[in-house]
Amino acid sequence: MLLSPAYNDPGQVRTLLRQQGYAVLSPAGVAAWSGCPLPELQRLFDSWNSLPPDNYLKDGGHYRRRRHSCYVAGEGRVDPVPHRAHWQPVEYNALHGGMQRWFEPVEPAVAESAGWQCLLRGLAATASELRGPRPWSIEAHQFRIDTEGGIGRPTPEGAHRDGVDLVAVFLVGRENIKGGETRVFQADGPNGQRFTLTEPWSLLLLDDERVIHETTPIQPAGGAGHRDTLVLTCRAGGFQGD
């Protein structure tokens, strides 16, 4: 049986991030938090059907597709930056850290859409409320994890931090799968929570300095299946690798 999350009030996001390092929002809560009506976000669904393969998986798998783009946000503005590689140090990603990974960018129609822009501005605004106003370097990752090979791994690197200030994990959809449980742990303590996001455009927000997170593998549950997510990371002081 799937363990559903206890959704939080969007008005309590800043308090919860300070108190426990994470918050979970329902789709309606995401609409309120971002200022974007859900129909605008739902218009993005089809773009997950055209993600190119991730050719960098070091575990030998072929279960992940993705796109990646970067932005600088602040003072209500979101500006794209020239396409760049995704890079993480090995301290944060022991499996894929230390290497430049070039993924195809987010499609222009998606990146310029009202829903996409709302989500980027919402994350930057939350980061400024938490850390103080400044420019924020945001990386956006569209992911599809599939079960064509039997098992798909949303976080092949295991439980981890990302080396940023805030992480936003939006569940976009899940079809014909079992598994995919989200787990959040204190970075410096024993406490943790586990639950499964199932509603499209529900959200897990994380203070990356305070918590570690992972998602368990997925398996097919009647036919080919997949799990789609949008992951946004927000970092002060530039992108990792600069």
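Structural remarks
- Rounded to the nearest 20 debye, the dipole magnitude of the chain is 140 debye, with +1 charges on Lys and Arg beta carbons, -1 on Asp and Glu beta carbons, and the Cα centre as origin.
- Note, ³J(HN,Hα) from phi for the stretch 143-154, Karplus 6.51, -1.76, 1.60, rounded to Hz, x at Gly and Pro: 10, 10, 9, 10, 10, 4, x, x, 10, x, 10, x
- Spatial separation of Cα centroids for the stretch 220-242 and the stretch 128-192, in angstrom: 6 Å
- Dividing the mean sequence gap of close Cα pairs (under 8 Å, 6+ apart) by how many residues the chain holds gives a relative contact order of 26 percent.
- The packing ranking of peptides 144-155, 70-81, highest mean first, is 144-155, 70-81, where packing means the average number of other beta carbon atoms within 10 angstrom of each residue.
- Close amide H contacts of Asp208 (hydrogens built in the peptide plane, cut-off under 5 Å, sequence separation of 5 or more or a different chain): Leu166, Val167.
- Whole-number D in µm²/s for the chain (Stokes-Einstein; Kirkwood sum over Cα pairs; 25 °C, 0.890 mPa s): 137 µm²/s
- Note, ³J(HN,Hα) from phi for the stretch 11-23, Karplus 6.51, -1.76, 1.60, rounded to Hz, x at Gly and Pro: x, 9, 4, 4, 4, 5, 4, 6, 7, 10, x, 7, 8
- Percent accessible area from carbon and sulfur atoms, the chain, protein chains only, probe 1.4 Å: 48 percent
- Reciprocal mean inverse distance between Cα atoms of the stretch 1-94 - Kirkwood radius, Å: 17.2 Å
- Surface analysis of the chain yields an accessible area of 45 Å² per residue, using protein heavy atoms and a 1.4 Å probe.
- Mean Cβ neighbour count within 10 Å, used as a protection proxy, ranking 162-174, 38-50 highest first: 162-174, 38-50
- By the equivalent-ellipsoid construction on the alpha carbon gyration tensor, the stretch 40-128 comes out with semi-axes of 25, 18, 11 Å, ordered largest to smallest.
- Semi-axis lengths (Å, descending) of the ellipsoid that matches the C-alpha gyration tensor of the stretch 119-224: 27, 16, 11
- Cys residues of the chain counted as unpaired, since no other Cys beta-carbon is under 4.7 Å: Cys70, Cys234
The values are calculated or read from the model by the stated rules, or taken from the named source; none is laboratory data. Note that the structure is a prediction, hence the values are computed from the model and not measured. With ideal geometry, Cβ positions are generated from the backbone for all residues, glycine too; neighbour counts draw on all protein chains shown. The area values use the complete protein model at the heavy-atom level, side chains included, leaving out ligands, DNA and RNA. Shrake-Rupley method; radii C 1.70, N 1.55, O 1.52, S 1.80 Å.
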